[in-house]
1. How about the range 33-74: which of its residues are touching a residue at least 24 places away in the same chain (Cβ under 8 Å), small (Gly, Ala, Ser) and not in a helix (DSSP H, G or I)?
2. How many residues are in contact (Cβ under 8 Å) with a residue 24 or more places away in the chain and either buried (at least 16 other Cβ atoms within 10 Å of the Cβ) or not small (Gly, Ala, Ser) (or both) if we restrict to the range 75-85?
3. Would you check if there is a residue in the range 104-127 being at pLDDT below 75 and either assigned to a helix (DSSP H, G or I) or closer than 28 Å to Ala171 by Cα (or both)?
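The values are calculated or read from the model by the stated rules, or taken from the named source; none is laboratory data. Quick caveat: nothing in here was measured; it's all calculated off a predicted structure. Note that each Cβ is placed from the backbone with ideal geometry, even for glycine, and that neighbours are counted across all protein chains shown.
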Amino acid sequence: MLRRPRAWAEREPIAAAATTIACAGAATLIGAWLFQYGLGLAPCPLCLEQRIPYYVAVPLAVVIAIAAGRGAPRTLLTAGLAVLALLWLWSAYLGAYHAGVEWKWWAGPQDCAVTPGGGLGTGGSLLQQMQRTRVVPCDEAAWRFLGLSLAGWNFVISLALAAIAVAGIAASRHTRRLAGA
């Protein structure tokens, strides 16, 4: 009996999940930078903190996708996806926390008043430096779409990426069981 060749995603669910995560994570970061640099929406300290999981997860997802394509041990690749799932859950937590601050459900951190890098550095007149300082409060959403702020959308996107990582692990185990049967 002839078997039809399996698609890449069926052969390598870990590579497919990691590639999807890398692309979606990079697109989300690019979107954040477009809002910041293209539209002039200055990020608050919580906004910047929400980017940290992306800075770690996107390169890790690229490494996992490449390693999967080169036949790295499945246990190592599965562990990498598990780390990605945890990073995205951390990112979802940060998004939910920030959205709660914006909705005034709880207070934000004390450092949410002045944009990082916009402080009162050395040189020049103190009054001029104070006039150039942009106050970016964490408890005001700069933009909303369908009722969600950017922090709320980060929560949704991060949960979806965590689900993709978990689905990649589950599909990998399922594919392995089928191959052994």
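1. Ala42, the sole residue that qualifies.
2. Of the residues in that region, 6 qualify.
3. The answer is yes; a qualifying residue exists.
One line per residue, one yes/no per condition, for (1) among the hydrophobic types (A, V, I, L, M, F, W, C); (2) modelled with pLDDT under 70; (3) not in a helix (DSSP H, G or I):
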| residue | (1), (2), (3) |
| --- | --- |
| Asp139 | no, yes, yes |
| Trp153 | yes, no, no |
| Val156 | yes, no, no |
| Leu159 | yes, no, no |
| Ala165 | yes, no, no |
| Ile169 | yes, no, no |
| Ser172 | no, no, no |
| Arg176 | no, yes, no |
| Ala179 | yes, yes, no |
